[in-house]
1. Checking the condition of a type outside the set (S, T, N, Q) and free of Cβ contacts under 8 Å to residues at least 12 places away in the same chain, which residue from Ala50, Ala23 passes?
2. Can you tell me which residue among Ser2, Ser26 is open to solvent by less than 70 Å² (accessible area, probe 1.4 Å) and not in a helix (DSSP H, G or I)?
3. Just one of Leu57, Leu83, Leu40 is at pLDDT 95 or above and within 14 Å of Val28 (Cβ to Cβ); which is it?
4. Sort out which residues of the range 62-87 are surrounded by 15 or more Cβ atoms within 10 Å (Cβ to Cβ) and touching a Ser or Thr at 6+ places or on another chain (Cβ under 7 Å), and write them in order of number.
5. When you check Asn21 against the structure, is it open to solvent by less than 70 Å² (accessible area, probe 1.4 Å) and of a type outside the set (Asp, Glu), yes or no?
6. If the Cβ limit is 6 Å and pairs must be 6+ apart or interchain, which residue in the range 57-83 that is over 17 Å from Glu36 (Cα atoms) pairs with which residue that is in a loop (DSSP other than H, G, I, E, B) and open to solvent by less than 70 Å² (accessible area, probe 1.4 Å)?
Amino acid sequence: MSNNNSAKKRERQNITRRMRNRAVKSEVRTAIKNFEKCILAEDKAAAEVAMKESFKLLDSATSKGILHRNTSSRKKSRIYAALAKLN
């Protein structure tokens, strides 16, 4: 446990940020899973909508600094490749 006030405040800030980051990452993972479900169902129209949603969330997480830009690019590349394979 921290002793001084600045360390206590830092702990409170870390908890808040960790919860926010976890929520954003969870949202990204859920969007990607929804896209994968569309791919398995071979529903091209729904997959394209899910892809756009996934890209939007990935870009948002990257701009907030929650995901590294290379991680985001890798995930987007794999999503796009999966959609191209469906065609």
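1. Working: Ala50 fails: free of Cβ contacts under 8 Å to residues at least 12 places away in the same chain.
Every option except Ala23 fails the conditions.
2. Values: Ser26 fails: not in a helix (DSSP H, G or I).
Step by step, each of Ser2, Ser26 is checked, and only Ser2 is open to solvent by less than 70 Å² (accessible area, probe 1.4 Å) and not in a helix (DSSP H, G or I).
3. Working: Leu83 fails: within 14 Å of Val28 (Cβ to Cβ); Leu40 fails: within 14 Å of Val28 (Cβ to Cβ).
Unique residue meeting the criteria: Leu57.
4. Applying the first criterion (surrounded by 15 or more Cβ atoms within 10 Å (Cβ to Cβ)) to the range 62-87 yields 62, 66-67, 72, 75-76, 79, 82-83.
Thr62, Ser72, Ile79 - these are the residues of the range 62-87 that are surrounded by 15 or more Cβ atoms within 10 Å (Cβ to Cβ) and touching a Ser or Thr at 6+ places or on another chain (Cβ under 7 Å).
5. Details: open to solvent by less than 70 Å² (accessible area, probe 1.4 Å): yes; of a type outside the set (Asp, Glu): yes.
Criteria met by Asn21.
6. Ala61/Leu67
The values are calculated or read from the model by the stated rules, or taken from the named source; none is laboratory data. Everything numeric here is computed off the predicted structure, so don't read it as measured data. Glycine also receives a Cβ, built like all others from the backbone with ideal geometry; neighbour counts cover every protein chain displayed. Side chains included, ligands, DNA and RNA excluded: accessible areas come from the protein's heavy atoms. Shrake-Rupley method; radii C 1.70, N 1.55, O 1.52, S 1.80 Å.
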